[in-house]
Amino acid sequence: MTIVSYAGITRPVFLLAHPELPVLVYCKLQLNSTSALRIPSNDMKRTEVTRFRCYVAERTFESTSVGSTLSNTGNVRLGRKQRSSSSLYSRPSLLEMKNEKIANRAKVYEFLRGIGIVPDELDGLELPVTTEVMRERVDFLHNLGLTIEDINNYPLVLGCSVKKNMIPVLDYLGKLGVRKSTFTEFLRRYPQVLHASVVVDLDPVVKYLQGMDIKPNDIPRVLERYPEILGFKLEGTMSTSVAYLVGIGLARREVGGVLTRYPEILGMRVGRVIKPFVEYLESLGIPRLAVARLIEKRPHILGFGLEEQVKPNVGSLLEFNVRKSSLPSVVAQYPEIIGIELKEKLLGQQCLLHSVIDLGPEDFGRVVEKMPQVVSLSRLPIVKHVDFLKDCGFSLQQVRAMVVGCPQLLALNLDIMKHSFDYFQVVMERPLDDLVTFPAFFTYGLESTIKPRHKRVAKKGMKCSLSWLLNCSDEKFEQRMEYDTIDMEEMEMPSFDMNTLTEPRSEDSASDYDDSDDEHI
């Protein structure tokens, strides 16, 4: 089928009298049937689409179909309308927008400098476009207790929106139980928390802590003590530090209590901090399992700097006549001794004991070995205990021998010591030399141990030393009461036994949170 087009047969848009065309516009169709496109149809017939040219205002548009010609003609008309309307409204250029943004930021910077904030680190950070919004952020931070100095320490906090960032985070912490009175210190230590997402960043960490057997009621105290924990990755340092401690013998059921008392462990790298510390204590002669037990009881010792504190303090102990073989016992009895300012304390206590009981350097080393806590005793208690012993009738030489034999005498409750001494003199009727030989007598309970055992021995008519009477467990004492003779080898002075740290644990757990540990840190 052939379609033949004539000049008078067109769609209305090409009529000479079209109202939107200028008067001088004319339309002329030039038919050309020489090039026809044959398009197969459903009925297998051929259709010819005639090619034409349209001259509109001496502009030529050439098309192979009527539809495309109509579209191009319409575009000409629409383009004219848009150009005619551009005079009514014009959008600002990119340069103008950039200049306006620079001007607004300059005003914000001027405001910040005016209140003492240095905005140098804020370049590139998305900030409010007006000083009013920035003033709102600064006022909100002031209400939280942060000062200009705090903001200058971390100026990026000014990039946090009050409604989108600050309020949701603080509300979440408050719902967990973090006390509002701690918010100021919390944000000073970890202001980055205001950038965090509650769902993506904070909540997963809290759930992880609960998975480490930290009780829900203890979570707020853990966060208050160590807010930086909210920025750690779960699969990183947090998991490896716990795994290592369990691997060296830390009881799995104690993990929650250890982390509650010293959550800083979760931020310690195993290779750089924990492992070198454990291995150094082992090198001193403390068994690995005993180290694990020490960490269970005093987890804060992991925070002692190995190179800055621990090794220099061990050197100071050796310098003040503590024998190398006694170092494990000294550290195990008083782990804090490797983390305090030790050398000055050792020097001060050595001078004090020398002035009070004429104690020599070698004897001072023996005193530290038996009671390393002596380095932390103040002058007044030491003087009072020495005066008490002198009032009991002991000579200065005897007092010195008693202190060297049992340094705990310098730290016991004086009232209890008086009651024990009265019973020793009036009821037991023993000579003072017995106490010089066994000064640890004062460390035993009068009602629980001394009285009942003395009565048993007196009733049986036995004569024994104070050491044989007291220096044993109740079970061992019952066995001794079956003896016909007294074994002199059993009369030894009590000393610290390292094996007590490696014995199987009792059912008691140290997992309950205890604020008293804080004072050791």
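The values are calculated or read from the model by the stated rules, or taken from the named source; none is laboratory data. Note that the coordinates shown come from a computational prediction; the quantities given were computed from them, not determined experimentally. Neighbour counts are summed over all protein chains in view; Cβ atoms, including those assigned to glycine, are modelled from backbone coordinates with ideal geometry. The protein model used for the area step is the full one, side chains on, heavy atoms only, and it has no ligands, DNA or RNA in it. Shrake-Rupley method; radii C 1.70, N 1.55, O 1.52, S 1.80 Å.
Under the criterion of Cα pairs below 8 Å and six or more residues apart, the relative contact order for segment 141-254 equals 26 percent.
In this view, the solvent-accessible surface of D391, computed with a 1.4 Å probe and all protein chains in place, comes to about 130 Å². Computed 3J(HN,Hα) for segment 209-226, one whole-Hz value per residue from the Karplus formula 6.51 cos²θ - 1.76 cosθ + 1.60 where θ = phi - 60°, is 4, 5, x, 8, 6, 7, 5, x, 5, 8, 4, x, 5, 5, 5, 5, 6, 9, glycine and proline marked x. Per-atom-type breakdown for segment 114-187 gives carbon and sulfur 51% of the accessible area (1.4 Å probe, protein chains only). Ligands, DNA and RNA aside, K98 has an accessible area near 130 Å² when probed at 1.4 Å. Sorting E121, E429, E336 on solvent-accessible area from highest to lowest, probe radius 1.4 Å, gives E429, E121, E336. What pairs from K345/K370; K370/K390; K207/K275; K343/K370; K384/K476 go past 25 Å between their alpha carbons? Beyond 25 Å: K207/K275; K384/K476. When a/c is below 1.5 the answer is rounded, else prolate if a/b is larger than b/c, else oblate, so apply that to segment 100-217 with a ≥ b ≥ c taken from the square roots of the Cα gyration tensor eigenvalues. In terms of gyration-tensor shape, prolate.
Placing unit charges on the Cβ atoms of the charged side chains and taking the dipole of segment 261-335 about its Cα centre, the candidate lying farthest along the positive direction among S325, L289, H300 is L289.
For segment 341-421, the Cβ-based charge dipole about the Cα centre amounts to some 80 debye (Lys, Arg positive; Asp, Glu negative; other atoms uncharged). Mind listing the long-range amide H neighbours of F438? Cut-off is under 5 Å, sequence gap 5 or more, other chains count too, H placed in the peptide plane at 1.01 Å from N. Long-range HN contacts for F438: none found. With N as its number of residues, segment 297-438 has a Cα radius of gyration that, divided by 2.2 N^0.38 Å, comes to 1.15. Taking Lys and Arg as +1 and Asp and Glu as -1, the other residues whose beta-carbon sits under 12 Å from that of D415 total +1. Taking every protein chain into account, the 1.4 Å probe leaves D203 with about 50 Å² of accessible area, to the nearest ten. Over all other residues within a Cβ to Cβ distance under 12 Å of I219, the charged ones net out to +1, with Lys and Arg as +1 and Asp and Glu as -1.
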